[in-house]
1. Can you sort B:C168, A:C145 from fewest to most other Cβ atoms within 10 Å of each residue's own Cβ?
2. Grab the DSSP H runs of chain B that are 4 residues or longer, score each as -39,500 (n - 2.57), total them, divide by all residues and round the 222 nm result to the nearest 500 deg cm²/dmol.
3. So in the protein assembly as shown, what percent of DSSP beta bridges are antiparallel if you round to the nearest 5?
4. Just the C-alpha atoms of the stretch B:109-173: what Rg/Rh do they give, with Rh taken as the Kirkwood radius?
5. With unit charges on the beta carbons (Lys and Arg positive, Asp and Glu negative) and the dipole taken about the Cα centre of the stretch A:1-127, which residue among A:P22, A:L113, A:Q57 sits farthest to the positive side?
6. Going by how many other Cβ atoms sit within 10 Å of their own, how do B:D81, B:D219 line up, fewest first?
7. Report, in degrees rounded to the nearest 10, the 0 to 90 angle that the Cα long axis of helix A:138-160 makes with the longest principal axis of chain A.
8. Mind checking the dipole of the stretch A:42-158: about its Cα centre, +1 per Lys or Arg Cβ, -1 per Asp or Glu Cβ, Debye to the nearest 20?
Amino acid sequence: MDPFLLEAIVNGILLGGVFALPALGLNLVFGVVDVVWLCYAELVMVGMYAVWFLYTQLGWPLPLAFGACLPVVALLGVLLHLLVVRPLLAAPPINQVLATGGVLFLLQGAMTLIFRTDFRSLGVDMPPMEVGEIFVSGTKLAAFCAALLGAAVLWAFLKFTYVGTAIRAIARDREVMPLMGVDPQRIYLIASAVGGALAGLAACLLVVQLDVHPFVGLSFGPITFMICVMGGLGNMLGGFLAAFLMGIIVSVGGFWGTTEFSYVVAFGFFIVTIFARPRGLFAR
Amino acid sequence: MSAALDTRAAPQSPSGGTLELSGIHAGYGDFQALFGISLRVEPGEAVGVVGPNGAGKTTLLRVISGLIRPTAGTLRFGGQDLARTPPHQLPALGIAHVPENRRLFPHLTVEENLKVGAFSPAARAHFAERRDRVYDLFPKMKQRRHQLAGTMSGGEQQMCAIGRALMCAPRILLLDEPSAGLAPIVVKQVFDLVRRIREEGLTVLIVEQNVAQVLRVVDRAYVLETGRVAAEGRSSELAADPAIRRSYLGGH
Ligand SMILES: Nc1ncnc2c1ncn2[C@@H]1O[C@H](COP(=O)(O)OP(=O)(O)OP(=O)(O)O)[C@@H](O)[C@H]1O
Ligand SMILES: [Mg+2]
């Protein structure tokens, strides 16, 4: 195989790992709370600013800045739930979408006010590695491994803990949960914190690859939503797999054409899938 | 086997867990479904609630487990007023409710369903021991522990739903039509099970359409019609009552 095509595929898989985290977070929150966080990519953006600020402005060691980013964005998820989502739980879905969409603009505006529109870079990079005939970016490989580790921790949490099992249960049947001694409101709050923490982890992995600016969410937000819809909204495994598919499509599309072309291919593929499989690629 | 259901963690309260409803009114929005229901279940008793479709039997159980708040009347369990207790705290007080149509989590395994049933902090500490007791009671559940609940037969799912409710070590078990939709031979198994559960000393309040069968396992029963208690009494009296025989027992 053409080593450059192979390199594009490998890069696509690495990219898919990073897309997978926000897709998992969005699907988790949607599955449990039944509300789409339209501002999800902006939570990631705030996390990226948090890392950048702590590392470059306050001089924190990078691991410490990463470590702080997760709880900060988790807290943001909790606040989003308490202040915006919970009051609208009984409202029509369109109101919920509009409200979380409003938070999207609010966060973009707030970051513009505080940090202006400059592109901020962490200025860290790991040397590329040569594997066989191809070169792989060390930074991307490290980000990929961290994303897989995050996904594995999430899986273990959902599979083995009481709260995780209740999260999987509540996604199917809200009404009976109190009969099991489960307070649904508490599960919503926990899912929102975990969804926020996943956005925080995604922020750590993206901030080493992309410059931060208030509108950086636009470069991965739309694709995250496409991934979730392709995988079946609320279907965590479907979203996880679709992330890799999308990563490869974007990367290989970019190999044959420009980056813009790769997004055209990805959107085209998305439109075809929602017509062919409206309930998601992996729906039974 | 005799200890299978003796899973209570907390000592019984002095009043022993009498369930008392008096003058309960309840409904859904503007629609009133229950009109002044009074009902009493003593510890260790098995009590039936029968009546036609839409009489309010399910609504009554939902009021007891806090899913619906009464608009009037009082609801007490073990002397404690439940009017303000959030529903998710009731399992820890010893009230377990097996809902109509079982409502298992079909995409979780049998054991995971039991795990959700043991969600309360007090129940988690006793998970392994209570799970093993449920498996003693239903050996089939042990064989199927890693099977997805939704792939089991109706009778097996009912066992799993009852097992899930037992995970909180209840003092009273509310059963909503456990025999609905099951083959006659499985219906018999379910009633045998209810008999065993009550022989273990667990208090049972059971809603059934299967009047002839349920009157054989309960001590007393209430007949509910359009949200009111139309009759109540000992099972033997009700089974002999001509009006009841005509309406519910095929008139023989
Ligand atoms: N969620 C609901 N919203 C509005 N009305 C309801 C609701 N659930 C039940 N009802 C109404 O309340 C009344 C009592 O219903 P309930 O389900 O308690 O009857 P039931 O005795 O359990 O009947 P069945 O034997 O069919 O299960 C019925 O008239 C029913 O239409
Ligand atoms: Mg009913």
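Just so it is clear, none of the values below were taken in a lab; they were calculated from the coordinates. Predicted model, so just to flag it, every value in this text is computed and none were measured. When we count neighbours, we look across all protein chains shown, and the Cβ atoms used for this are built from the backbone with ideal geometry, even at glycine.
1. Values: B:C168 27, A:C145 13.
So the ranking, lowest neighbour count to highest, is A:C145, B:C168.
2. Taken over chain B, the calculation gives -9500 deg cm²/dmol.
3. On the way: 25 of 43 bridges.
Here the share of antiparallel DSSP bridges comes out near 60 percent.
4. On the way: Rg = 10.8 Å, Rh = 11.5 Å.
Answer for the stretch B:109-173: 0.94.
5. Towards the positive end, the residue furthest out is A:L113.
6. On the way: B:D81 11, B:D219 16.
Neighbour counts put them in this order, fewest first: B:D81, B:D219.
7. Helix A:138-160 sits at roughly 20 degrees to that axis.
8. Details: 4 positive and 5 negative charges, 80 e Å.
Dipole size: approximately 380 debye.
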